[in-house]
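What follows is a short report on a single structure.
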Amino acid sequence: MNYLKAFIISSLTFFVPIKPLLFLVGIFIFADTILGVWAAKRRGERITSRKLGNIVPKMLLYQAAVIIGYTLDKLLLEEFILLLFNIDMMVTKLIAMTLIFIETLSLNENIECITGKNIFQSFKQMITRASKLKKEIKDI
């Protein structure tokens with residue numbers, strides 16, 4: 001029994017460095033689900049437990065992808081990637097960034113359905129205004 005306990009603790013300890021990435025991916029999935037429900041209500045769609053149940057496999061698959069990426073990083077690729085790029089957990093971070101980007105696109109669709117505004121376009125307009133303001137201040 002002590003060996004099993006030691007194995008479980010060792011396994012969990014191995015994954016401690018990716019805890020923030022797993023948490024961040026989970027937050028984006030959760031936010032997308034909440035806004036997805038809101039957008040569905042706005043469109044007049046019926047919300048069923050079957051649709052809401054899709055969050056479980058999505059969460060498991062996304063978290064598993066990050067965990068598998070981390071395992072590949074640590075056990076196979078770490079020395080090679082550190083030698084070439086000097087970036088720790090590069091594959092893990094790329095996987096997490098890709099999943100977060102996918103969720104961000106979905107969040108944007110839901111926000112656009114709810115408010116009628118595209119967050120990417122709004123961000124682009126804000127950057128344009130800020131650069132114009134900076135230029136005006138520099139000219140003064």
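The values are calculated or read from the model by the stated rules, or taken from the named source; none is laboratory data. These numbers were taken from a predicted model, which means no experiment stands behind them. Cβ atoms come from the backbone with ideal geometry, glycine included; neighbour counts cover every protein chain shown. Side chains are part of the model used for accessible areas, which takes the heavy atoms of the whole protein and leaves out ligands, DNA and RNA. Shrake-Rupley method; radii C 1.70, N 1.55, O 1.52, S 1.80 Å.
Summary of computed values
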{"quantity": "The chain: DSSP helices with Cα axial extent of at least 20 Å and average Kyte-Doolittle hydropathy no lower than -1.0", "calculated": "19-43, 55-72, 90-115, 119-139"}
{"quantity": "Selected from 14, 85, 101 as most flexible by GNM, with the chain as the system and alpha-carbon contacts under 10 Å", "calculated": "85"}
{"quantity": "Percent carbon-and-sulfur accessible area, the chain, ignoring ligands, DNA and RNA, probe 1.4 Å", "calculated": "70"}
{"quantity": "Of 19/93; 5/58; 51/93; 5/74, pairs whose Cα-Cα distance is over 21 Å", "calculated": "5/58; 51/93; 5/74"}
{"quantity": "Surface accessible to a 1.4 Å probe, residue 48 within the full protein complex, Å²", "calculated": "40"}
{"quantity": "Assigned charges on the beta-carbon of Lys, Arg, Asp, Glu; the chain dipole about Cα centre (debye)", "calculated": "680"}
{"quantity": "Under 22 Å from the Cα of residue 124 - lysines, other chains or at least 8 residues apart", "calculated": "132, 134, 135, 138"}
{"quantity": "Cα principal axis extents for the chain, largest first, Å", "calculated": "67, 51, 20"}
{"quantity": "Probe 1.4 Å, protein heavy atoms only - accessible area per residue of the range 98-140 in square angstrom", "calculated": "81"}
{"quantity": "Where only alpha carbons of the range 85-140 are counted, the Rg and the Dmax (Å)", "calculated": "17.1, 47"}
{"quantity": "Positive-end residue of 95, 23, 1, charge dipole of the chain with Cβ unit charges", "calculated": "23"}
{"quantity": "Cα-centred dipole magnitude for the range 62-140, charges only on beta-carbon of K, R (+1) and D, E (-1), debye, nearest 20", "calculated": "580"}
